[in-house]
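The block underneath contains the structure these notes are about, expressed in structure tokens.
The values are calculated or read from the model by the stated rules, or taken from the named source; none is laboratory data. In this text, all values refer to a predicted model and were calculated from it rather than measured experimentally. Don't worry about glycine lacking a Cβ; one is built from the backbone with ideal geometry, like all the others, and counts go over all protein chains shown. SASA here: full protein model, heavy atoms, side chains in, ligands and nucleic acids out. Shrake-Rupley method; radii C 1.70, N 1.55, O 1.52, S 1.80 Å.
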Amino acid sequence: MTAKTDLETYDLLIDGEFVNAADGERFETVNPATEDTLAKVARGRQEDIDAAVDAATDAFAEWRSTAPQERGRILNRLAAKIRDEKDRLAELETLDNGKPLWHAEADVETCARYFEYYAGAADKVHGKSIPLTDEYTDYTIREPLGVTGQIIPWNLPTNIFGRSVAPALATGNVAVVKPAEQTPLTALEVGRLASEAGVPDGVLNVVPGFGGEAGAALSAHPDVDGISFTGSVPTGIEVAQTALENVTNVHLELGGKSPNLVFPDADFEKAIESTKTSIFANAGQVCSAGSRLLVHEDIHDEFVDRLVERTKEVSIGAGIDGPEMGPLVSEEQFEKVTKYLEVGREEVGEPIVGGDVLDQDGYFVEPTIFDGVDNDMRIAQEEIFGPVLSVIEFSDEQESFEIANDVEYGLVAGIHTENVGRAHRFAREVDAGQVYVNEWFAGGEETPFGGFKKSGFGREKGLDAIDSYTQTKNVCTYIGQD
Ligand code: NAD
């Protein structure tokens with residue numbers, strides 16, 4: 001079985017078969033480092049989503065009654081296959097998305113790890129026994145939702161595919177995945193590997209297409225029982241409203257504008273490196289990017305000078321050559337980020353480093369830092385989703401906590417300090433689904449992830465994701481004497 005019908009043409013994966021879209025149309029994906037067409041992909045629409053949902057519905061009864069340990073074995077085989085094909089998948093991800101090859105390799109490993117982690121959890125999903133009076137016995141069962149729709153963004157395509165699909169399948173759900181139109185290729189390849197690993201036909205379907213077509217058809221489908229949406233706030237709201245028409249279970253993993261606090265007692269060099277990674281990893285196209293740097297006035301000048309030096313060393317180039325930073329994913333994202341460079345110039349003047357685009361093909365924007373930012377400016381409040389950092393100065397702990405929370409998002413928050421009490425006061429005070437202390441992006445597949453405020457609701461990752469993909473049934477029996 002192969003995902004490709006020739007070198008550059010990809011089909012939809014429905015019911016274990018690679019098939020063209022019902023209307024035969026295809027769309028092009030672009031290599032963002034060169035602006036060349038990379039592949040032609042079948043363009044899924046309503047009819048294709050209907051076929052995928054039908055296939056998933058038919059496959060559900062068998063998959064949910066497959067012994068959990070057997071589901072775990074199959075998902076473990078899939079993890080192994082992903083690792084076996086790591087080099088090829090990573091190269092494809094880099095060409096499709098633009099990210100550095102080393103980063104794509106890490107994302108592919110993360111995807112494998114999600115399948116491995118949830119394979120291990122498959123036979124540990126159980127309910128509880130609830131004590132009532134002697135006349136009753138009561139227990140709960142965690143049951144799968146049924147057909148789940150997984151809507152995936154372009155910034156971490158393979159990673160988030162694993163994050164959403166692995167817990168869904170492990171808990172006995174079936175899935176229809178709608179990858180982002182910019183980056184659909186690795187989802188199809190992992191779908192192929194799933195079939196080879198023994199995931200039965202119809203259990204995992206992959207239907208690339210545009211958001212307003214395939215995505216909207218999936219979120220509106222009356223036979224879909226759960227939607228996992230990862231993407232922007234406006235689209236998330238639309239998807240949730242649509243899903244609500246059918247009272248479909250939905251959870252939303254949305255954007256962020258996350259604060260990264262640095263105090264004078266922080267390990268200086270570690271905080272510099274952590275701050276650089278927080279905003280320039282994946283060219284800033286990370287929901288959990290540390291896009292607001294809150295730095296104490298006593299160290300502001302020295303810290304920012306050193307950060308600028310380090311930023312000038314960040315190498316930029318085609319991801320395939322393994323630079324520190326690659327291009328943005330698409331022309332649309334390039335235009336959005338360059339508009340924010342203008343907004344930043346209007347609000348605070350010239351950036352202290354970066355601020356330009358590379359004079360060559362590809363969607364390359366320099367790593368950029370604006371200093372002297374007020375927290376009420378647009379570049380401090382709006383998610384830019386590019387390599388653009390806003391630096392805000394503060395004078396004491398209370399003020400820093402207030403600035404940290406003064407934003408409509410609440411995805412992640414980080415603090416650099418050697419003061420344990422302050423770190424935990426921050427963890428208690430901050431509105432964020434996860435808190436990093438002394439290292440940005442600390443945590444792994446095992447740690448729950450999700451948003452407060454407009455960053456969403458529901459949790460992915462860790463054992464918390466099991467709750468997102470299952471529903472509770474309570475069974476109460478009268479056992480008193482007749
Ligand atoms: P997006 O909202 O534009 O698209 C996300 C997905 O939704 C894509 O597959 C898209 O095709 C689909 N879509 C678009 N319109 C739709 C519609 N009307 N109905 C159904 N589906 C539709 O987001 P994006 O630009 O691809 O991704 C970037 C955003 O994702 C950022 O805001 C980022 O912070 C967020 N994100 C969040 C997390 C998280 O875990 N919280 C992780 C990664 C990215």
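Residues in the stretch 360-383 that are away from the ligand (no atom under 16 Å from the Cβ) and aromatic (Phe, Trp, Tyr): PHE364, PHE370.
Return yes when PHE210 is among the aromatic types (Phe, Trp, Tyr), touching a residue at least 12 places away in the same chain (Cβ under 8 Å) and more than 18 Å from GLU460 (Cα to Cα) and no when it is not. Yes, satisfied.
VAL373: open to solvent by 50 Å² or more (accessible area, probe 1.4 Å) and in contact with a helix residue (DSSP H, G or I) (Cβ under 7 Å, 6 or more places away or on another chain), yes or no?
Details: open to solvent by 50 Å² or more (accessible area, probe 1.4 Å): no; in contact with a helix residue (DSSP H, G or I) (Cβ under 7 Å, 6 or more places away or on another chain): yes.
When the stated conditions are applied, VAL373 does not pass them.
If the requirement is being closer than 19 Å to ALA465 by Cβ, within 9 Å of the ligand (Cβ to nearest atom) and not in a loop (DSSP other than H, G, I, E, B), which of these qualifies: ARG163, ARG142? Give the derivation first.
Values: ARG142 fails: within 9 Å of the ligand (Cβ to nearest atom).
None of the others qualify; the one that does is ARG163.
I'd like the full set of residues that are small (Gly, Ala, Ser) and open to solvent by less than 60 Å² (accessible area, probe 1.4 Å), limited to the stretch 23-68. Selection gives GLY24, ALA33, ALA39, ALA42, GLY44, ALA51, ALA52, ALA55, ALA56, ALA59, ALA67.
Per-residue answers, yes or no, for (1) crowded, with 24+ Cβ neighbours inside 10 Å; (2) without any contact (Cβ under 8 Å) to a residue 24 or more places away in the chain; (3) not assigned by TED's automatic domain parsing to the domain that holds LYS270:
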| position | (1), (2), (3) |
| --- | --- |
| LEU307 | yes, no, no |
| ALA318 | no, no, no |
| SER330 | no, no, no |
| VAL337 | no, no, no |
| GLU393 | no, no, no |
| GLU399 | no, yes, no |
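Residues checked against (1) buried (at least 24 other Cβ atoms within 10 Å of the Cβ); (2) among the β-branched types (Val, Ile, Thr):
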site	(1), (2)
ALA106	no, no
ALA121	no, no
ARG142	no, no
THR148	yes, yes
THR158	yes, yes
ARG163	yes, no
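Among the residues of the stretch 175-182, is any within 14 Å of the ligand (Cβ to nearest atom) and surrounded by fewer than 24 Cβ atoms within 10 Å (Cβ to Cβ)? Within the stretch 175-182, one or more residues are within 14 Å of the ligand (Cβ to nearest atom) and surrounded by fewer than 24 Cβ atoms within 10 Å (Cβ to Cβ).
Inside the stretch 357-375, can you point out the residues that are of a type in the set (D, E, K, R) and in contact (Cβ under 8 Å) with a residue 12 or more places away in the chain? Spell out how you get there, then give the answer.
From the stretch 357-375, those of a type in the set (D, E, K, R) are 359, 361, 366, 371, 374; that's our starting set.
Within the stretch 357-375, ASP361, GLU366, ASP371, ASP374 qualify.
Condition check: in the same structural domain as GLU189 (by TED's automatic domain parsing), modelled with pLDDT of 95 or more and surrounded by 22 or more Cβ atoms within 10 Å (Cβ to Cβ). Does VAL247 satisfy that? It is false that VAL247 is in the same structural domain as GLU189 (by TED's automatic domain parsing), modelled with pLDDT of 95 or more and surrounded by 22 or more Cβ atoms within 10 Å (Cβ to Cβ).
How about the stretch 461-482: which of its residues are touching a helix residue (DSSP H, G or I) at 6+ places or on another chain (Cβ under 8 Å) and open to solvent by less than 60 Å² (accessible area, probe 1.4 Å)?
So in the stretch 461-482, the residues touching a helix residue (DSSP H, G or I) at 6+ places or on another chain (Cβ under 8 Å) come out as 461, 463, 465-466, 468-469.
Of everything in the stretch 461-482, those that are touching a helix residue (DSSP H, G or I) at 6+ places or on another chain (Cβ under 8 Å) and open to solvent by less than 60 Å² (accessible area, probe 1.4 Å) turn out to be LYS461, ALA465, ILE466, SER468, TYR469.
Report yes if some residue within the stretch 59-76 is modelled with pLDDT of 95 or more, within 25 Å of LEU89 (Cβ to Cβ) and out of contact with any helix residue (DSSP H, G or I) (no Cβ under 9 Å at 6 or more places or on another chain); otherwise report no. Yes: the stretch 59-76 contains one or more residues that are modelled with pLDDT of 95 or more, within 25 Å of LEU89 (Cβ to Cβ) and out of contact with any helix residue (DSSP H, G or I) (no Cβ under 9 Å at 6 or more places or on another chain). Suppose we keep only residues that are open to solvent by 10 Å² or more (accessible area, probe 1.4 Å), closer than 20 Å to ASP396 by Cα and in contact (Cβ under 8 Å) with a residue 40 or more places away in the chain within the stretch 253-290. Which one would you say is farthest from the ligand (Cβ to nearest atom)? In this case the residue turns out to be ASP265. Here LEU78 fulfils each of the conditions (1) over 30 Å from GLY317 (Cα atoms); (2) open to solvent by 10 Å² or more (accessible area, probe 1.4 Å) apart from (2).
Conditions tested, residue by residue: (1) at positive phi; (2) assigned by TED's automatic domain parsing to the domain that holds SER291; (3) part of a loop (DSSP other than H, G, I, E, B); (4) touching a Ser or Thr at 6+ places or on another chain (Cβ under 8 Å).
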| residue | (1), (2), (3), (4) |
| --- | --- |
| ALA423 | no, yes, no, yes |
| ARG428 | no, yes, no, no |
| ALA432 | no, yes, yes, yes |
| VAL435 | no, yes, no, no |
| TRP440 | no, yes, yes, yes |
| GLY462 | yes, no, yes, yes |
| ILE466 | no, no, no, yes |
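Between GLY444, GLY386, GLY458, GLY414, the distinction of being within 16 Å of the ligand (Cβ to nearest atom), surrounded by 18 or more Cβ atoms within 10 Å (Cβ to Cβ), of a type outside the set (A, V, I, L, M) and under 30 Å from GLY146 (Cα atoms) belongs to GLY458 only.
Identify all residues within the stretch 22-42 that are free of Cβ contacts under 8 Å to residues at least 60 places away in the same chain and touching a Gly at 6+ places or on another chain (Cβ under 9 Å); write none if there are none.
To start, the set of residues in the stretch 22-42 that are free of Cβ contacts under 8 Å to residues at least 60 places away in the same chain comprises 22-26, 28, 36-37, 40.
The one that is free of Cβ contacts under 8 Å to residues at least 60 places away in the same chain and touching a Gly at 6+ places or on another chain (Cβ under 9 Å): ALA22.
Across the stretch 188-227, the number of residues qualifying as outside any loop (DSSP other than H, G, I, E, B), within 27 Å of LEU411 (Cβ to Cβ) and more than 10 Å from the ligand (Cβ to nearest atom) comes to 3.
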